[in-house]
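The values are calculated or read from the model by the stated rules, or taken from the named source; none is laboratory data. Here the structure is a predicted model, which is why all the values come from computation and not from measurement. FYI the Cβ positions are ideal-geometry reconstructions off the backbone, even for glycines, and counts take in every protein chain you see. We work out accessible area using only protein heavy atoms, side chains counted, and drop any ligands, DNA or RNA first. Shrake-Rupley method; radii C 1.70, N 1.55, O 1.52, S 1.80 Å.
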Amino acid sequence: MNGKWIEIMVAAVALGATATSAVAQEKRDPAYQSARTSGLIGEQTDGYLGFVVPPSASVKALVDDLNIKRKAKFFEIAAQQNVQPKDAAFTAACNIIRATAVGEYYQTPAGEWTKRTAGPPQLDSRCPQ
Amino acid sequence: MQARLTNGTNSAIRSSMRRQGLTALVALTGLALNGCVQVSAPDKPIEIRLFVKIEQEVVYRIDGAVKDAIKENAGIF
C-alpha cells in the first residue's frame, strides 16, 4: 500500500512540475494558446516567443505584440531590480521554459526547437535550480 | 635651406651655421627628452569587464521578483 502511495505522490508532483497552472493558461488569448499548442510558436532562450515554422501574418502579428509587451515588462523589472534588461529576460526564460506544457515547443540552450516532454526541460546551466 | 657652411672664399656663412646649429640642438634635445616609445605588451592580461554577460548571482537574486511578475502578467507569458 505504501509503495502505491509513493507512486501516486511522485506522479502528482511530476504533473505539477510540467504543467502551467490552469489559471495562467486561462489568462492567455485563445489565439495565443492555440498557436502554442499546435506547435506554431515556442519559447526562446532569450525570454521571447519565436516561430517554430514560418508564421502566417496573423500569428506574426500576435507574437510581435506579445514580445513588445514582454520587453516592456523585462525593462520594468530591470529598472526595479537595478539590473540589465537582458538579465531579467534571461531569468524569465528559465521560468517560462520550465512552465511550458507537454507538447509545446521551446529552444534548448543550443538554440534548437524541441518538444517538451513530461521530464524536466533542458535549461541553461545558469538557470536557478 | 642653404646647407653650405662656407662660401667659395673660405668665409664662414654665419647665418647658415647658426641655423643648422640650432636645428641640430633642437633635434638632440627632442631625442633626449622623449626617449624611446614602448611597444611591448603589459605583463598582466588586460581585463575588460563587459556588462553583457549574464551573471549567475544576479539571476538568483532577481528570480523571485521575476516569478512574481510572470504570475501577475500571465496573459503575455
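Quick one: count up the residues across the range A:104-120 that are in a loop (DSSP other than H, G, I, E, B) and open to solvent by less than 20 Å² (accessible area, probe 1.4 Å).
3
List the pairs whose first member sits in the range B:54-65 and is within 7 Å of chain A (Cβ to nearest Cβ), whose second member is part of a helix (DSSP H, G or I) and open to solvent by 40 Å² or more (accessible area, probe 1.4 Å), and whose Cβ atoms are under 8 Å apart, counting only residues at least 6 apart or on separate chains?
Cβ pairs passing all conditions: B:I54/A:K86; B:I62/A:Q81; B:A65/A:Q80; B:A65/A:Q81.
Restrict the check to the range A:105-112 and report whether at least one residue is out of contact with any strand residue (DSSP E or B) (no Cβ under 6 Å at 6 or more places or on another chain) and facing another protein chain (nearest Cβ under 9 Å).
no
Taking A:R98, is it closer than 12 Å to A:G42 by Cα and surrounded by 14 or more Cβ atoms within 10 Å (Cβ to Cβ)?
No: the conditions fail for A:R98.
Can you name the residue in the range A:22-39 that is in contact with a helix residue (DSSP H, G or I) (Cβ under 8 Å, 6 or more places away or on another chain) and under 14 Å from A:T100 (Cβ atoms) and is also modelled with the lowest pLDDT among such residues?
The selected residue is A:A24.
Could you tell me whether A:D29 is of a type in the set (D, E) and in contact (Cβ under 8 Å) with a residue 12 or more places away in the chain?
yes
Give A:K73, A:K69 a once-over and let me know the one that is open to solvent by less than 70 Å² (accessible area, probe 1.4 Å), under 17 Å from the mean Cα position of the chain (by Cα), over 18 Å from A:C127 (Cα atoms) and within 8 Å of chain B (Cβ to nearest Cβ).
Within the list A:K73, A:K69, the selection yields A:K73.
With respect to A:A78, is the statement that it is at the interface with chain B (Cβ under 9 Å from one of its Cβ atoms), small (G, A, S), part of a helix (DSSP H, G or I) and within 17 Å of the chain's Cα centre (by Cα) true?
No; evaluated as a whole, the condition is false for this residue.
Residues in the range B:22-34: is at least one modelled with pLDDT under 75 and not in a helix (DSSP H, G or I)?
No; the residues of the range B:22-34 include none that is modelled with pLDDT under 75 and not in a helix (DSSP H, G or I).
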